[in-house]
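The structure under discussion appears below in the form of C-alpha cells.
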Amino acid sequence: MRIHKEGRSTIVIVLMAIVVFLAVIFSFSLYNIWILTLFILISLLVLAQTLMFFRVPNRDILFRDDGIVAPADGRIVMIQEVEVNEFLQEKKLQVSIFMNLFNVHVNWYPCGGDIIYYKYHPGDKMVAWHPKSSDKNEHTTLFLNQGKHHIGVRQIAGLIARRVVCKARTGKQVLQGSEMGIIKFGSRVDVLLPLDAKVLVRKGQMVWGCETLLAVLR
C-alpha cells in the first residue's frame, strides 16, 4: 500500500495546521494535561483519517474480457435504466457506487478499451447519493470502446468532495483495472452499461474496486 500523490499536499497542510495550533497552545499557555491530551488525540485521528483516505491498496485485479469490474470501493446505491444525453443519445443501465469518507477513493477503469470521449464538468456540491448529482455536481464523463460495447463512467464530486482528478484522455488506450483517477473525499462513481448486461450486484451491496465483478456483457 502507498499514499496517492494527490494526497501529499493535503497531508502536509494537515501536519502544518497541527504544528501551528500546538504552537499557539504553548505560546499562550492555554494548555493543561487534559487539553493537550485531547488535542493530540484529535490531531492523530485527523492525520490517520487523511492518510487512510489517500491510501492506494494493492489489489488482485479481476481480468475478464466480457466482464465489468467495480471502478471503486463503496456501496451500490442505484441500479436503474437512464437516458444518456452526453456523447450518446440512448438508454443505458446505470450502476452507481457511493464512497464514504472511510473508503478508498482511488478509481480504476472497469474494463479495457479505447477512450472515445472524455469531458470534465464543473458544477454544484449536493450530496453524492442524490439522483441529480450525476448531472448537477462537478463530474467527469468518459466512454470506453470495449470492443463490442460503449461503456460509460462518471466520477461525481459530493457535498464534501472538492476535486475530481481523472487521467482519462480521448484516444488513450487503457487496461482493465488500471488507475483512472481519484476523488477527494465523499463521492460517487456511475457505470453506464448496455441494457442487456447481466448485473451481478444488488442495491446496498458493498463492492471492492478491481475485485468485484459488477456485470457480464452479452
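What follows draws every value from the coordinates through simple rules; no lab data is involved. Keep in mind that this is a model prediction, so the values were computed, not measured. We place every Cβ from the backbone using ideal geometry, glycine too, and count neighbours over all the protein chains shown.
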* Which of 178, 9, 187, 43 has the fewest Cβ neighbours within 10 Å, and the rest in rising order -> 9, 178, 43, 187
* Structure fact -> Out of 48, 70, 157 - ranked by how far each Cα lies towards the positive end of the dipole of the chain, with unit charges on the beta-carbon of charged residues - the top one is 48
* Note the angle between two axes, namely the Cα long axis of helix 33-53 and the longest principal axis of the Cα atoms of the chain, as a number of degrees from 0 to 90, rounded to the nearest 10. => 20 degrees
* To do: Give the angle, between 0 and 90 degrees and rounded to the nearest 10, that separates the Cα long axis of helix 8-27 from the longest principal axis of the Cα atoms of the chain.
  => 20 degrees
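Based solely on its DSSP helices, what 222 nm [θ] is calculated for the chain when runs of n ≥ 4 H residues each add -39,500 (n - 2.57) and the sum is averaged over all residues, nearest 500 deg cm²/dmol? Could you put the intermediate results ahead of the total?
Numbers: 3 runs with 45 residues, N = 218.
Helices in the chain give a 222 nm mean residue ellipticity of -7000 deg cm²/dmol.
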* Structure fact -> With +1 at each Lys and Arg Cβ and -1 at each Asp and Glu Cβ, the charge dipole magnitude of the chain around its Cα centre, to the nearest 20 debye, comes out at 220 debye
* To do: Please identify, among 81, 90, 179, the residue showing maximal mean-square fluctuation in a Gaussian network model of the chain using a 10 angstrom Cα cutoff.
  => 90
* **Global geometry of the range 2-56, whether rounded, prolate or oblate, following the gyration tensor of its Cα atoms and the 1.5 cut on a/c** => oblate
* Projected onto the charge dipole of the chain (+1 at Lys/Arg Cβ, -1 at Asp/Glu Cβ, origin at the Cα centre), which of 171, 140, 57 gives the Cα projection farthest towards the positive end? -> 57
* Asked: Taking amide hydrogens as modeled 1.01 Å from N in the peptide plane, which residues meet the under 5 Å criterion relative to residue 181, leaving out close sequence neighbours?
  -> 107, 167
